[in-house]
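First up is the structure itself, then whatever we jot down about it.
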Amino acid sequence: MGGVISRLAVPGIADLPAYQPGRDIDEVRQELGLERVFKLASNENPLGPSPRIRDFLAAAPDLARYPDSAGHALRRDLADFHGVDPAQITLGNGSNEVLELVARCVVTSAHEVMYSDPAFVVYRLATCAVGAAPVVVPARNYGHDLDAMAAAAGERTRLLFIDNPGNPTGAWIDGKRLHSFLEAMPEDLVVVVDEAYHEYAAALQDDYASALELLPHYPNLVVTRTFSKAYGLAGLRVGYALSHPELADLMNRVRQPFNVNALAQGAARIALEDQAHLRRCVALNTQGMGVVTAALRELDLPWIKSSANFVSFEVPRPAAEVYQELLQQGVIVRPIAEYGFPRHLRATIGLAEENAAFIDALRRALA
Ligand SMILES: *Cc1c(COP(=O)(O)O)cnc(C)c1O
């Protein structure tokens with residue numbers, strides 16, 4: 001720290017903490033000498049991707065060749081699926097990349113970028129990486145305080161990130177409310193609605209609505225989606241933005257020419273096609289959410305009502321301690337103190353046996 005190279009860091013990056021991923025299964029298994037370890041820390045899909053993808057990966061497309069730079073086939077499939085023009089779709093190496101691309105296209109160090117506290121940590125990374133000033137608006141009832149956000153938007157505010165559903169709370173925004181908010185935003189403020197958990201939310205909550213249907217009305221709106229969660233492809237890294245073609249054109253200029261690899265493009269097409277598998281994954285989550293929240297109720301642990309594939313709950317002791325006790329029992333969950341919740345833990349909804357192992361371990365940890 002404080003060496004010659006550290007002092008070369010551009011403003012915004014110097015004090016930035018690195019992203020903290022969930023602990024790795026093999027690492028925990030070895031470290032603690034455990035036979036079985038369940039990872040419910042990173043909101044991954046316990047069923048994995050469509051089984052049809054196996055054959056495609058085994059046959060490995062010609063890996064000596066560069067992938068299709070424009071991702072034509074996948075973008076065409078996505079355009080058909082969403083009823084938009086392929087020119088409105090920007091592919092990314094995970095939706096994380098797309099979030100960064102938007103910031104790089106429209107934000108300079110003269111601008112502000114707004115997001116909620118808590119919100120997905122990547123918004124802060126994307127903001128600081130372009131040297132912009134973050135405007136962080138405290139949440140209300142664990143969700144976005146849209147009134148406060150509208151009031152805090154000023155002349156310099158160029159970009160606004162909204163995670164809907166939100167991470168790490170799972171809170172969601174009422175569809176009508178989101179519409180009136182966008183209506184009130186100035187044209188030169190780009191609003192990104194990050195819908196990484198859309199498929200789960202649509203099944204869990206009647207009053208959740210995607211921002212996608214608003215896209216034709218707002219050229220400053222960007223909706224991001226991912227194959228990492230309900231489609232089960234977190235390891236391959238593919239996500240995308242839906243936006244006005246002019247914004248997609250800007251993002252296309254700054255992205256790396258081959259940002260989405262050939263395996264990811266091919267696998268994502270198969271995943272999109274296998275909607276029956278997606279429905280199974282979503283149904284499993286809806287059911288598991290019922291099981292896990294019923295157990296939390298029984299254990300008398302308050303939880304934040306979630307529209308995603310995870311639930312954050314409060315424990316009566318410092319969460320770091322309970323986290324360690326769960327780890328010792330082979331269950332990895334996610335402490336969310338870095339998001340401002342030192343007494344909460346976040347657990348991903350897993351397979352029935354994973355949920356049961358988590359609930360058992362929790363019961364023992366709190367006994
Ligand atoms: C998991 C998650 C994503 C997905 O990121 P990818 O890069 O697509 O894997 C995006 N936004 C939020 C809020 C998330 O929790």
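Of all residues in segment 85-103 being charged (D, E, K, R) and within 16 Å of the ligand (Cβ to nearest atom), which is farthest from Pro21 (Cα to Cα)? Break it down into steps so the answer makes sense when it comes.
As a first pass, look at segment 85-103 and keep what is charged (D, E, K, R): 85, 97, 100.
Of the ones still in play, those that are also within 16 Å of the ligand (Cβ to nearest atom) are 97, 100.
Values: Glu97: 16, Glu100: 18 Å.
Among those that are charged (D, E, K, R) and within 16 Å of the ligand (Cβ to nearest atom), it is Glu100.
Which residues, taken from segment 104-129, are among the hydrophobic types (A, V, I, L, M, F, W, C), more than 14 Å from the ligand (Cβ to nearest atom) and either in a helix (DSSP H, G or I) or modelled with pLDDT under 95 (or both)? Full working, then the answer.
In the first step, residues of segment 104-129 are kept if they are among the hydrophobic types (A, V, I, L, M, F, W, C); the result is 105-107, 110, 113-114, 119-122, 125-126, 128-129.
From what's left, more than 14 Å from the ligand (Cβ to nearest atom): 105-107, 110, 113-114, 128-129.
The answer is Cys105, Val106, Cys128, Ala129.
More than 16 Å from the ligand (Cβ to nearest atom), over 28 Å from Ala110 (Cα atoms), surrounded by fewer than 18 Cβ atoms within 10 Å (Cβ to Cβ) and touching a residue at least 12 places away in the same chain (Cβ under 8 Å): is that true of Asp174 in this structure? Yes. Pairs meeting the criteria (first residue in segment 39-61 and more than 20 Å from Asp24 (Cβ to Cβ), second residue assigned to a loop (DSSP other than H, G, I, E, B) and not small (Gly, Ala, Ser), beta carbons under 7 Å, at least 6 apart or on different chains) are Ser50/Asp274; Arg52/Asp274.
On inspection, Ala347 fails the criterion of being crowded, with 19+ Cβ neighbours inside 10 Å and over 27 Å from Arg280 (Cα atoms). Residue pairs whose Cβ atoms lie under 7 Å apart, separated by 6 or more positions or on different chains, with the first residue in segment 275-286 and closer than 13 Å to Ala202 by Cβ and the second β-branched (Val, Ile, Thr) and crowded, with 20+ Cβ neighbours inside 10 Å, are Asn285/Ile349.
Might you let me know whether segment 138-150 holds any residue that is assigned to a loop (DSSP other than H, G, I, E, B) and in contact (Cβ under 8 Å) with a residue 60 or more places away in the chain? First the steps, then the outcome.
Step one: list which residues in segment 138-150 are assigned to a loop (DSSP other than H, G, I, E, B), which gives 139, 141-142, 144-145.
When the remaining residues are screened for being in contact (Cβ under 8 Å) with a residue 60 or more places away in the chain, the result is 142.
Within segment 138-150 (the criterion being assigned to a loop (DSSP other than H, G, I, E, B) and in contact (Cβ under 8 Å) with a residue 60 or more places away in the chain), the answer is yes, since at least one residue qualifies.
Taking (1) farther than 23 Å from Gly350 by Cα; (2) in contact with a helix residue (DSSP H, G or I) (Cβ under 8 Å, 6 or more places away or on another chain) in turn, Ala64 satisfies each apart from (2). Scanning segment 16-34 turns up at least one residue that is among the basic types (Lys, Arg) and either part of a helix (DSSP H, G or I) or more than 20 Å from Glu354 (Cβ to Cβ) (or both).
Residue by residue through segment 328-339, note down the ones that are aliphatic (A, V, I, L, M) and surrounded by fewer than 20 Cβ atoms within 10 Å (Cβ to Cβ). Explain how you work it out, then say what you get.
If we filter segment 328-339 for residues that are aliphatic (A, V, I, L, M), which is where we start, we get 331-333, 336-337.
Listed by number, the list holds a single entry, Ala337.
Condition check for Val136 on (1) of a type in the set (A, V, I, L, M, F, W, C); (2) more than 19 Å from the chain's Cα centre (by Cα); (3) surrounded by fewer than 18 Cβ atoms within 10 Å (Cβ to Cβ): one failure, at (2).
Would you point out the residue of segment 17-31, among those that are surrounded by 13 or more Cβ atoms within 10 Å (Cβ to Cβ) and hydrophobic (A, V, I, L, M, F, W, C), that is farthest from Val122 (Cα to Cα)?
Ranking the qualifying residues of segment 17-31, first place goes to Val28.
Look at segment 108-121: where a residue is within 17 Å of Asp145 (Cβ to Cβ) and a partner is within 14 Å of the ligand (Cβ to nearest atom) and modelled with pLDDT under 95, sitting 6+ places away or on another chain with Cβ atoms under 7 Å, you get Pro118/Tyr339.
Scanning segment 71-80 for residues that are touching a residue at least 60 places away in the same chain (Cβ under 8 Å) and over 21 Å from the mean Cα position of the chain (by Cα) yields Gly71, Ala73, Asp77.
Just for segment 190-213: of the residues that are farther than 15 Å from Gly170 by Cα and touching a strand residue (DSSP E or B) at 6+ places or on another chain (Cβ under 6 Å), which one is nearest to the ligand (Cβ to nearest atom)? Before the answer, list the steps.
Pass one, segment 190-213, residues farther than 15 Å from Gly170 by Cα: 190-192, 211-213.
Still in the running and touching a strand residue (DSSP E or B) at 6+ places or on another chain (Cβ under 6 Å): 190-192, 211-212.
On the way: Val190: 17, Val191: 15, Val192: 10, Ala211: 14, Leu212: 16 Å.
Looking at the filtered set, the residue picked out is Val192.
Note on segment 214-237: residues that are touching a strand residue (DSSP E or B) at 6+ places or on another chain (Cβ under 7 Å) and either assigned to a loop (DSSP other than H, G, I, E, B) or more than 16 Å from the ligand (Cβ to nearest atom) (or both) amount to 6.
The values are calculated or read from the model by the stated rules, or taken from the named source; none is laboratory data. The model shown is predicted, which means the values in this text are computed figures rather than measured ones. In this analysis, Cβ positions are derived from the backbone assuming ideal geometry, glycine residues included, and neighbour counts consider all displayed protein chains.
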